Amino acid sequence: MAIAGCGHISKKHAAALKGMDIARLAAVCDIRRERAESLAGQFGAAAYSDYAEMLQDKNIDAVIVCSPSGLHASMGEKAAAAGKHVLIEKPFVLRLADGVRLAEACRQKGVRLGVVHPNRMKPIVQALRNAVDKGLFGKITHANATLRWNRRPEYYRSEPWRGTRAFDGGILYNQAVHLIDLLNWLAGPVSEVFAYGASRMHQIECEDVCSCVLKFSNGALGIIEAAVTVYPENLEESLSFFGTEGTAVLGGRTMSQVMEWSFSSLSSEEAFNQANRLNQTGNTGGHKDILHDFADAVLCKREPLVSGREALKSLRLISAIYDSVTSRRPVKVTMQGGA
Ligand SMILES: NC(=O)c1ccc[n+]([C@@H]2O[C@H](COP(=O)([O-])OP(=O)(O)OC[C@H]3O[C@@H](n4cnc5c(N)ncnc54)[C@H](O)[C@@H]3O)[C@@H](O)[C@H]2O)c1
């Protein structure tokens with residue numbers, strides 16, 4: 001595999017590939033050559049500063065796109081055109097039309113397309129998925145995603161792309177996309193949204209607070225609250241599910257604990273023990289699991305857990321939310337097409 005973009009997140013991928021049985025890091029690329037050389041030196045890979053040149057490297061079967069978010073679509077398409085499988089860091093892409101085009105380009109070239117949403121692999125999230133699938137909630141009445149984080153001004157000053165509409169995309173694409181992916185995966189699809197966004201603290205092009213009301217296709221309601229303005233530091237990242245027969249809340253600062261777990265089908269003791277066992281799994285499940293799943297999907301010719309098709313679902317939802325912020329009206333979430 002190759003990494004394109006050797007900044008902050010690339011190190012997690014390189015470390016996750018180290019010692020993996022079914023994949024290895026063969027090359028890395030960054031327009032800042034010193035970054036490519038430093039990462040390549042640490043992990044024993046070839047270094048490139050020209051992406052097109054790296055794509056000619058016969059040792060590479062797949063590319064992990066770790067560049068600023070606004071470049072994901074074009075870099076993904078170039079990788080697919082070169083016949084490489086494509087794994088894209090979150091957020092998938094920043095425009096629905098680009099996502100549809102990239103998914104189609106991968107389909108036509110017969111390469112796999114995956115997106116990095118490591119939270120789907122967390123044992124607490126898998127347990128919630130299992131509870132939903134088994135119908136333990138009865139009729140779901142409402143489901144919420146809450147992101148109450150802090151990003152300091154230095155964060156936005158650290159790279160010119162941060163906080164820009166074209167390359168960062170805004171709080172829903174950059175920070176809340178993992179939670180939105182989970183909410184949609186577990187309780188979706190969403191049929192209609194109404195949202196406000198505001199820039200209350202940071203001097204950036206994008207909003208730093210966003211409040212959205214959701215109507216799910218099954219009639220349940222929901223709320224997404226996302227903020228990077230919370231004083232003095234990250235407070236909460238949580239998912240709350242409420243049904244006629246159950247309540248579950250996954251929370252903590254980075255959604256790593258079961259805060260509430262109660263179902264009519266379980267005694268209080270059973271529910272307490274389940275929650276305790278899950279809480280002992282800690283914050284496991286992450287980049288290594290997603291990379292392993294993607295490499296396995298390539299080798300076994302199957303779809304990865306978070307495929308392009310899956311990523312398009314949350315992209316449609318986020319696009320609709322931003323359409324609502326701009327138009328100040330409720331917006332229906334399209335299930336197909338790339339307008
Ligand atoms: N899944 C996660 O938990 C997670 C966490 C952090 C970041 N991310 C995502 O990863 C991506 C990168 O974030 P980051 O924090 O590492 O950013 P970063 O700014 O630290 O790194 C991006 C790197 O890409 C390089 N780059 C820019 N244009 C390039 C090009 N054309 N070819 C090759 N390299 C190029 C830059 O020089 C830089 O080194 C973003 O999309 C971000 O949203 C995901």
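Taking amide H positions as placed 1.01 Å from N in the peptide plane, with prolines and chain starts having none, which residues 5 or more places from Glu260, or on another chain, fall under 5 Å of its amide H?
Residues meeting the criterion, in which the H sits 1.01 Å from N, are Val249.
Going by how many other Cβ atoms sit within 10 Å of their own, how do Phe294, Phe272, Phe194 line up, fewest first? Don't skip to the end; give the middle numbers.
Working: Phe294 26, Phe272 13, Phe194 18.
Least to most surrounded, the residues fall as Phe272, Phe194, Phe294.
Hey, what number do you get for the chain at 222 nm if only DSSP H runs of n ≥ 4 count, each worth -39500 (n - 2.57), divided across all residues, to the nearest 500?
Taking each H run of at least 4 residues, the total per residue is -11000 deg cm²/dmol.
Farthest toward the dipole's positive end in the chain, which of Leu55, Leu291, Thr141, given Cβ charges of +1 (Lys, Arg) and -1 (Asp, Glu) about the Cα centre?
My answer, from the dipole projection, is Leu55.
How big, in percent, is the set of alpha carbon pairs in the range 123-283 lying more than 20 Å apart? Could the numbers behind the result be given before it?
Details: 6773 of 12880 pairs.
Value for the range 123-283 (Cα pairs over 20 Å): 53 percent.
Which whole DSSP H helices in the chain pass both tests: a Cα extent of 24 Å or more along the axis and a mean Kyte-Doolittle value no lower than 0.0? Walk me through the intermediate numbers first.
Numbers: long enough: 308-327 (27 Å, 0.13).
Helices passing the filter in the chain: 308-327.
Determine the percent antiparallel among the DSSP beta bridges restricted to the chain, to the nearest 5.
60 percent
Would you mind working out the magnitude of the charge dipole of the chain relative to its Cα centre, with +1 at each Lys and Arg C-beta and -1 at each Asp and Glu C-beta, to the nearest 20 Debye?
Approximately 440 debye in magnitude.
Seen from all sides and averaged, what is the projected area of the convex hull of the Cα atoms in the chain, in nm²?
Mean orientational projected area (the chain, Cα hull): 17.0 nm².
Above 15 angstrom, tally the Cα pairs of the range 149-203 and express them as a % of all pairs, no decimals.
That tail contains 59 percent of the Cα-Cα pairs.
No lab work stands behind these numbers, since they all come straight from the coordinates. From a predicted model like this one, the values you see are computed outputs, not experimental measurements. Reconstructed Cβ throughout: ideal geometry from the backbone, glycine too, with neighbour counts over all protein chains shown.
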